[in-house]
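S.K.: Below you'll find the structure I mean.
Please treat every number below as a calculation from the coordinates, not as lab data. Here the structure is a predicted model, which means the values were calculated and not measured. Cβ atoms come from the backbone with ideal geometry, glycine included; neighbour counts cover every protein chain shown.
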Amino acid sequence: MSLSPFLNNLLISYQAAPSADNSQPCCLSWEPPILTLRYDTERVGSYTFPYDSQATLLAAGAAFENILRCCDDAGVGAEVTLFPEGEGSNVYAEISLQGFEAVTNSLLPDFVAARHTNRHPYKKEAVPKRLADQVESFGSEIGVDVKVVSSKADIALIAKQVQVASEIRFQTQEVHEWLEKSLRFTAQEVERGDGLDVETLALPPGGGAFLRLVSCWARMKKLNRIGAYKLLAAIDSAPVRNAPALLAISASDSMVGGLDAGRVMCRAWSYLNAEGLACHPYYVISDQLERLKQDRVPEVLTGQAKDMRKNCQPLFDLKGGQTLMMLLRVGYPKKQALRSRRLSLEKVFKNLSDN
Ligand SMILES: Cc1cc2nc3c(=O)[nH]c(=O)nc-3n(C[C@H](O)[C@H](O)[C@H](O)COP(=O)(O)O)c2cc1C
């Protein structure tokens, strides 16, 4: 089986997109000239965020963005139908590729290799205004707001809300059990190509063993009686407090809003990485906001979650109907990050053997 250089690059670009816990929740199928992007219900349905969750829409939007940019790079036209009717309920987009047969000398676009997560500490050096201004302009044509926060006072206020959201998160069984399923501790587990390789988490010495211990909910629950959730949330939010800048992405709280925010997130993240800056997403506030809306925050914690929501609204300039989609810590890296793996093409490209 051999793919044309263009299709091969398109698949690599698609696969390089980020996803929550590296769950890679989507798959592609190809009936020339139509490429269909959908949720891989069979593979991830019981283990990660559902099809219509904000986290999955962000990942799908990021994959969609990489596909469209790859087409653009190669001069291939793309006619898009979002959430097509009559399809199964797990389709995000149908993309009709125009003129792909004529492309013979396609190269892998630079942004694909550049984008990655770096969870190490960053230098104090500020993010240049020219780059901040550039990324802030990215979502304007599709109604996504990108805001670069670099005032120390505002960063401290946001870090406090990350800490609150993180405290709730470490006391929530469902979220904790998802993390447990995502973590990859051994070389054999990492080999699978999905999930979070603990080596990419930039943990301090002994951090991996500690994470393995607390990744079991029954143990975490016991340790929470002596305040473990507070300690973990303080560790989790400390890098945000020390960040030279934060990038906040907000959009309309809808399925199209989630997909569009994912596109802009991937574009901004790739752009900053290509300019030598490092990025580290913090999804915890967005996740708790969505859980609050869906009544999925444990009852005893809803008061704290509601306060957090109230505090976030002015911090992120959220307008009516908008929600915070993603927060990223941004700065110049002190250390290069270990790259996370990806699933084999056979797992995500459904009809690979027919091409
Ligand atoms: C919706 C979404 C939420 C994420 N949330 C977090 C997070 O809260 N903390 C974190 O360290 N990484 C987070 N990530 C980063 C992913 O773990 C990362 O993209 C994935 O492991 C693949 O690694 P890569 O970005 O280096 O390609 C998130 C990514 C996405 C798309």
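S.K.: Any chance you could list P(r) for region 17-96, counting all Cα-Cα pairs in 5 angstrom bins from zero, rounded to whole %?
M.R.: With a bin width of 5 Å, the distribution comes to 3, 16, 27, 26, 16, 9, 3, 0.
S.K.: To continue, here is another question. Can you sort Glu191, Glu136, Glu65 so the residue with the fewest Cβ neighbours within 10 Å comes first?
M.R.: Ranked by crowding around the Cβ, least crowded first: Glu191, Glu136, Glu65.
S.K.: Also, I was wondering about something else. Which value in Å does the Kirkwood hydrodynamic radius of region 156-270 take, with 1/r averaged over all unlike C-alpha pairs and then inverted?
M.R.: Evaluated on region 156-270, it is 16.2 Å.
S.K.: Over the Cα atoms of region 194-252, how large are the radius of gyration and the largest Cα-Cα distance (Dmax), in Å?
M.R.: 14.5, 41
S.K.: For a 31 Å ceiling on Cα separation, which of these pairs sit above it: Lys160/Lys221; Lys152/Lys222; Lys230/Lys293?
M.R.: Lys152/Lys222
S.K.: What 222 nm value per residue comes from the helices of the chain, counting each DSSP H run with n ≥ 4 as -39,500 (n - 2.57) and dividing by all residues, nearest 500 deg cm²/dmol?
M.R.: So the calculated ellipticity at 222 nm is -13500 deg cm²/dmol.
S.K.: Of the GluC sites (Glu not before Pro) in region 87-122, which ones lie in a loop per DSSP and count no more than 14 other C-beta atoms within 10 Å?
M.R.: Listed in order of number, the matching sites are Glu87.
S.K.: Rank the residues Phe349, Phe138, Phe210 as a footprinting-exposure proxy: fewest other Cβ atoms within 10 Å of their Cβ go first.
M.R.: Result, fewest neighbours first: Phe210, Phe138, Phe349.
S.K.: Return one quarter of the surface area of the convex hull spanned by the alpha-carbon atoms of the chain, equal to its mean projected area, in nm².
M.R.: 17.9
S.K.: Now for a different question. Compute the FRET efficiency between Asp72 and Glu191 as 1/(1 + (r/R0)^6), taking r as their Cβ-Cβ distance and R0 = 30 Å, and round to the nearest 0.05.
M.R.: Using R0 = 30 Å, I get an efficiency of 0.30.
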